[in-house]
1. Quick check: from the Cα gyration tensor, does the stretch 138-208 come out rounded (a/c under 1.5), prolate or oblate?
2. So if we plug the beta-carbon distance of ASP364 and HIS510 into 1/(1 + (r/R0)^6) with R0 = 25 Å, what FRET efficiency do we get, rounded to 0.05?
3. Quick one: check the C-alpha center-to-center distance for the stretch 455-473 versus the stretch 63-98, whole angstrom.
4. Choose one of SER202, ILE59, SER525: the residue whose Cα lies farthest towards the positive end of the charge dipole of the chain (beta-carbon charges +1 Lys, Arg; -1 Asp, Glu; about the Cα centre).
5. Among THR244, PRO502, ILE268, whose Cα sits farthest toward the positive end of the charge dipole of the chain (+1 at Cβ of Lys/Arg, -1 at Cβ of Asp/Glu, about the Cα centre)?
6. So which trypsin sites (Lys or Arg not before Pro) in the stretch 311-407 pass both tests, a DSSP loop state and at most 16 other Cβ atoms within 10 Å of the Cβ?
7. Using DSSP, restrict attention to beta bridges with both residues in the chain and report what percent are antiparallel, rounded to the nearest 5.
8. Under 5 Å between amide hydrogens, which residues at least 5 positions from MET170 or on another chain qualify, with H placed 1.01 Å from N in the peptide plane?
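What follows draws every value from the coordinates through simple rules; no lab data is involved. Quantities reported herein were computed from a predicted structural model and do not represent experimental measurements. Glycine also receives a Cβ, built like all others from the backbone with ideal geometry; neighbour counts cover every protein chain displayed.
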Amino acid sequence: MMVEVLTPQSNEGIDDVVIVGGGLAGLFCALKLAPRPVTVLTSAPIGEGASSAWAQGGIAAAMSPGDSAESHVADTVAAGAGLVDEKIARVMASEASDRIHDLLAYGVPFDKDLEGHLKLSREAAHSERRIVRVRGDMAGAAIMSALVAEVRKTPSIRVLEGFVGEQLRMKGKQISGIIAQDLRGGLTNRILLPARAIVMCSGGVGGLYAVTTNPQQARGGGIAMAAQAGAILSDLEFVQFHPTAINIGRDPAPLATEALRGEGAHLIDNDGHRFMLDIHEDAELAPRDIVARAIHTQVQSGKGAFLDCRKSVGEKFPENFPTVYASCMSAGIDPVTDPIPVVPAEHYHMGGVHVDVRGRTSVDGLWACGEAAATGAHGANRLASNSLLEAVVFATRIAQDIQGTLPSPQRHRWPDEGMPEVTDRSEMDEELVALIRKTMSDHVGVARDGEGLKKALRVFDDLYRKPLMPRIANMASVARCIAAAAYAREESRGGHMRLDFPDTEGAWHHRTFLTLEDVDQIVASALPQAA
């Protein structure tokens, strides 16, 4: 059975639960809510345009005899640079095995040995082999393929494809719906979907950066919408840059999975020197923020950075890592015989909409999950392969919470309410998007300083105060929030590196919680003339 695409012309009405986003978090939550009717709102066809489908490493889960949830928590806390919420991390690790079995039941073909046991791999900063994978580097694509197939045969899930959320609607302090634009129908073709519950699974912020491994659709719109509705945001300054994006000038940048370093690949410079040995005792398996900064320094200095897989993977490359192999070969690089040029690229946002252990935000009727949410599980630096795990664990918890909070599903009629007018700046779209992306990469990237952050805030605050198309306004808003959080944290920790404050300070041993009003105050202090 194909997914039923719901349209405003339908007389059937709209479900009271709307899930924004068709990635792993959104689809898993929809499946967990079944047989309750839900509507999934997605800008791209389900399974496409989602970072989940591009995830290469896999899902972390303590499932081997010598491993434990407590060990997984300890590794998560160590990687998180002191800011991991241990209660949240414990919930995530303890429910990992159940969620892996859910995915197996949905048909995900995780790698198994000849005896039928799951094959487990090791990635950076994990003390055990606990990464569940699919054909080496195809976990995300395989998981999404299986979930899409399951969604297509689940009659309670209806999908609105080709629509992007623009603004949450409120009735007092309660969510009442969401305004979305039909990407196929022009700027003025917009609809209002009424809802008692909205689950924000809109993805991360990679599209705000000029160099990213994420789909360009990941522009932080969900965070901006939630903030405008009054939601508390958390940990926005902590942006993880994947150390080893393949440096071949593509947008988005293809990824050389961390699993390659787990299999023994080395990082070398132009002279063949293995530079990570000089920087960290774990060398290539050091936490991502340390490896990313080292590669950034190498590239900036002109020494270059390359991932050398010739001895560790060699002729097995095409079979064991087909996605990376195809990306390299398409650029004329044979990773069997040639080192792979690499550069850090925006990969994951630890920050987002603040949620509790049930996935609830501070706004009644609004939940958030996946990269759009900030659970506290990642602290200042996400441990490899914890992101897909976090998505399925909290998608399940949100589904349970919605069922408990709103046990009786309701159908709403399509409203006749008019839409707010929008400014037609379509001719400026690409120019403004490019300005935001360049400014984020130049001044809110791997290495930051106060002056650069002030420059970024000037750009974003100027855009924020102008009448713009909603999607561009949302980009400017969330970029402004991230830059403000980065300006306020005067230390270096995890994914946040300040060149002018290079040390980790005890006074900053806490998470960041901000509202739009707090961001306004930070901007006013940084740019007095903007107040």
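1. Prolate.
2. The value I calculate is 0.45.
3. So the separation of the two Cα centres works out to 39 Å.
4. The Cα lying farthest towards the positive end belongs to SER202.
5. Projecting each Cα onto the dipole axis, the largest value belongs to THR244.
6. Sparse-neighbourhood loop trypsin sites (Lys or Arg not before Pro): LYS311, ARG358.
7. Taking every DSSP beta bridge with both residues in the chain, the antiparallel ones total about 65 percent.
8. Answer set, sorted by chain and number: SER176.
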